Amino acid sequence: MNSLITRAKELLENKSVQVVIGYEAGPTSVARPAFITDPAKAGTLIYDERCVQNLAVYLTKPEVKHLGKMAIVATLPVMRSIMMLISEQQIFADSIVVLGISADGSLLDIADVKVMQGYIEKSDLGNPEKYKELLAELNKLSPEERFAFWQKELSKCIKCYACRQACPMCYCTRCTVEVNQPQWIPVQSNTHGNMEWHILRAMHLAGRCISCGECGRACPVGIPCHLLTMHLVDQVHNYFNVYAGTSEKMSSVLSTFEPNDKESFII
Amino acid sequence: METTRKSIRKQSLEKLYNLLSASRKVYAPVIAPDKQVEYKYNPDFAEVTFEHIRSTLSVKNVVFPKVENLFFYSNAKTESTITDIDLNKIPEIVLWGTHPCDNAAFDILRSIFSWDINDEFFSKRFEKLVVIGLSCHLSDEYCFCTSVGLTPNSAKGSDILLSRLQNGDYQAEILTEKGNGIVTLSPELFEPISGEEVTVTEVKQKFNHEQVTVKLASAFENRFWIENSLRCIGCGACAYVCPTCACFDIQDETKGKNGKRYRSWDSCGFGLFTLHTSGHNPRQVQSQRWRQRIMHKFSYMPERNESLGCVGCGRCSSGCPVDMNIAEQLEALQNI
């Protein structure tokens with residue numbers, strides 16, 4: 001990862017950016033996000049198979065934005081998240097330097113958003129292989145069996161909202177669950193209310209989820225809630241032939257009407 | 001009560017468990033199909049694990065449930081009727097196989113729930129709790145009980161503390177009258193101690209909590225909080241898995257004319273936690289909320305409750321999606 005360190009150092013030294021968002025090793029075996037502001041500390045940046053968190057979540061965090069112009073270490077899901085955030089006007093394309101990382105872990109030269117778009121378009125945009133089997137298994141179940149599966153899983157939810165906080169697309173400053181007039185979702189954790197929350201979360205991400213799996217990874221009690229949004233990724237692709245986070249001018253699938261939209265799913 | 005030491009064979013432990021399980025709610029750790037360690041009521045003894053380091057969630061829910069109904073109400077045209085909860089219906093619960101960190105947490109919770117007014121819901125549940133603890137013969141990189149004044153075989157909070165002996169049997173320290181009550185159910189299961197050594201894991205001390213408390217007194221405005229909380233994403237995982245976090249929200253839920261008031265776990269990591277009706281928020285950004293978390297446990301509580309708000313179980317760090325490692329941060333704070 002010498003090229004990543006060199007590039008990060010260079011960007012900080014020539015003041016092109018004020019912070020590089022990447023990964024570092026912690027005191028345990030897990031890697032974690034790092035915010036490098038001092039070129040002398042660029043050497044602590046790492047990139048290996050432990051670097052799994054979707055760092056795009058920090059692009060909208062006030063304290064990180066406050067540091068100044070940002071460079072971000074970006075694997076494919078991070079690049080797609082950046083694309084979504086640009087299309088939803090949460091960040092500006094020219095305010096971020098993308099330190100792209102290819103599937104084999106090497107540094108890509110992402111000069112601008114057009115180059116990034118080109119890289120994304122060439123990539124496999126479906127759900128990751130490791131989840132396809134699980135999704136297929138869930139789809140094979142009868143609606144009753146599937147309901148029972150989710151009821152069991154979601155009964156474990158403690159409403160810590162790690163799934164929401166870990167997601168780069170969940171950037172609302174006031175989430176529906178924080179609205180209490182009316183109270184859309186019960187504050188307490190109970191199976192019924194937990195299901196309402198997770199269904200609502202998934203629906204808000206329909207056509208916006210970029211299949212990073214971060215929500216499921218973040219869950220402290222191990223609920224595979226990423227399978228809900230990933231199922232919707234398949235559905236949206238099936239009905240609208242669209243994958244999220246592929247262009248800076250993308251319009252939201254569920255809030256855009258096209259005369260030739262399929263209507264077969266409307267009961 | 002003076003502590004007595006006995007020895008109990010593995011087979012006798014099974015008999016004791018089955019005896020308790022037949023007549024009481026026994027809350028014991030099992031390994032779930034997804035490999036997470038969770039507590040269940042009255043699982044078969046064969047399912048109960050003696051090999052866990054930490055359960056995903058703490059066991060604080062036995063005295064501080066994630067949702068507790070406080071009262072029910074119904075509204076008629078001119079008046080409302082309130083129906084209280086019958087606290088006498090709260091059953092006795094025997095906690096089985098909880099580790100010394102989790103057991104020490106109960107006294108910290110007690111200090112919070114009886115700080116100004118006595119919380120009758122907590123008190124009743126605590127009164128009905130019997131703790132059969134289990135010393136740790138396993139630990140990992142997240143454990144730091146020895147940094148907060150505990151050890152892997154601290155007896156604090158246990159009514160009986162079991163420790164594994166080298167021959168696979170267990171030592172039973174009978175520490176309280178409640179513990180003695182369990183022994184008298186079947187005294188023949190408890191035999192004289194054999195002289196075998198107990199097997200206890202070693203947990204390295206990472207920081208000196210007294211020095212941390214001293215440093216925190218003047219660290220409120222330190223840059224440390226901003227620099228070290230940039231990666232915190234502001235979820236409530238650390239608070240909800242924590243055995244000593246006791247903050248709660250109170251809500252009314254009404255359906256038609258009837259409703260209930262309940263309290264449920266809350267977390268100081270959430271922005272909404274301190275948001276005023278006026279729109280002003282005294283903790284606007286995550287660094288202020290992270291500071292509050294550490295200050296509360298290591299500065300405010302030692303001063304106000306005369307105990308730390310942490311038992312070193314490591315759940316907040318192992319469960320954190322972004323590796324906010326509290327022991328590492330406290331170690332750094334000791335040296336600022």
- Task: State the number of residues belonging to segment A:124-182 that are within 24 Å of A:V242 (Cβ to Cβ), open to solvent by less than 50 Å² (accessible area, probe 1.4 Å) and among the aliphatic types (A, V, I, L, M).
- Result: 6
- Note on the structure: Those residues of segment B:172-208 that are in a strand (DSSP E or B) and of a type outside the set (A, V, I, L, M, F, W, C) come to a total of 3
- Could you please find all residues in segment B:249-259 being within 10 Å of chain A (Cβ to nearest Cβ) and surrounded by 15 or more Cβ atoms within 10 Å (Cβ to Cβ)? B:D249, B:Q251, B:E253
- Message: Can you tell me which condition A:T191 does not meet? The list is (1) in contact with a Cys (Cβ under 9 Å, 6 or more places away or on another chain); (2) away from every other protein chain (no Cβ under 12 Å); (3) surrounded by fewer than 20 Cβ atoms within 10 Å (Cβ to Cβ), and all the others hold.
- Response: (2)
- Among (1) in a helix (DSSP H, G or I); (2) open to solvent by less than 50 Å² (accessible area, probe 1.4 Å) - the single one A:R7 does not satisfy: (2)
- Item | Unmet criterion (only one of (1) open to solvent by 50 Å² or more (accessible area, probe 1.4 Å); (2) outside the structural domain of B:K297 (by TED's automatic domain parsing)) for B:A155 | (1)
- Message: I need a count of the residues in segment B:1-19 that are over 21 Å from B:Q166 (Cα atoms) and either among the acidic types (D, E) or part of a loop (DSSP other than H, G, I, E, B) (or both).
- Response: 3
- Note on the structure: Given the conditions (1) farther than 27 Å from B:R304 by Cα; (2) free of Cβ contacts under 8 Å to residues at least 40 places away in the same chain, every one holds for B:L162 apart from (2)
- Item | A:I21 vs. criteria outside any helix (DSSP H, G or I), within 11 Å of chain B (Cβ to nearest Cβ), within 20 Å of A:G213 (Cα to Cα) and open to solvent by less than 10 Å² (accessible area, probe 1.4 Å) | yes
- Under 8 Å between Cβ atoms, at least 6 apart or on separate chains: pull out the pairs that start in segment A:45-74 with a residue that is in the same structural domain as A:I101 (by TED's automatic domain parsing) and at pLDDT 95 or above and end on any residue that is surrounded by fewer than 15 Cβ atoms within 10 Å (Cβ to Cβ) and outside any loop (DSSP other than H, G, I, E, B). A:K69/A:S95; A:M70/A:S95
- Query: Listed residues B:V241, B:V285; which is facing chain A (nearest Cβ under 10 Å) and free of Cβ contacts under 8 Å to residues at least 60 places away in the same chain?
  - Reply: B:V285
- Query: Pick from B:F298, B:F273: which is surrounded by fewer than 21 Cβ atoms within 10 Å (Cβ to Cβ) and outside any loop (DSSP other than H, G, I, E, B)?
  - Reply: B:F273
- Query: Where residues in segment A:52-107 are part of a loop (DSSP other than H, G, I, E, B) and among the hydroxyl-bearing types (S, T, Y), which of them is most open to solvent (accessible area, probe 1.4 Å)?
  - Reply: A:S106
- Task: Test B:F248 against the criterion of being farther than 25 Å from B:L57 by Cβ and not assigned by TED's automatic domain parsing to the domain that holds B:L57, and give yes or no.
- Result: no
- Those strands (runs of 3 or more DSSP E) lying entirely in segment B:56-149 with at least 1 residues touching a helix residue (DSSP H, G or I) at 6+ places or on another chain (Cβ under 6 Å) and of a type in the set (V, I, T): B:93-98, B:129-134
- For segment A:226-256, enumerate the residues that are within 21 Å of A:R146 (Cα to Cα) and out of contact with any Asp or Glu (no Cβ under 8 Å at 6 or more places or on another chain). A:L227, A:L228, A:T229, A:M230, A:H231, A:L232, A:V233, A:D234, A:Q235, A:V236, A:N238
- Of the conditions (1) free of Cβ contacts under 8 Å to residues at least 40 places away in the same chain; (2) over 15 Å from the mean Cα position of the chain (by Cα), the single one that A:P33 does not satisfy is (2)
- Hey, A:A202 hits all of (1) modelled with pLDDT of 95 or more; (2) under 16 Å from A:P77 (Cα atoms); (3) among the small types (G, A, S) but one; which does it fall short on? (2)
- Enumeration of residues in segment B:216-238 that are outside any loop (DSSP other than H, G, I, E, B) and in contact (Cβ under 8 Å) with a residue 60 or more places away in the chain: B:L216, B:F224, B:W225, B:I226, B:A237, B:C238
- Note on the structure: Of the residues in segment A:236-253, those that are part of a helix (DSSP H, G or I) and surrounded by fewer than 14 Cβ atoms within 10 Å (Cβ to Cβ) come to A:N238
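The values are calculated or read from the model by the stated rules, or taken from the named source; none is laboratory data. All figures in this text were calculated on a predicted structure; none of them were measured in a lab. Every residue, glycine among them, receives a Cβ derived from its backbone with ideal geometry; neighbour counts consider all protein chains shown. What goes into the accessible areas is simple: the full protein's heavy atoms, side chains included, and nothing from ligands, DNA or RNA. Shrake-Rupley method; radii C 1.70, N 1.55, O 1.52, S 1.80 Å.
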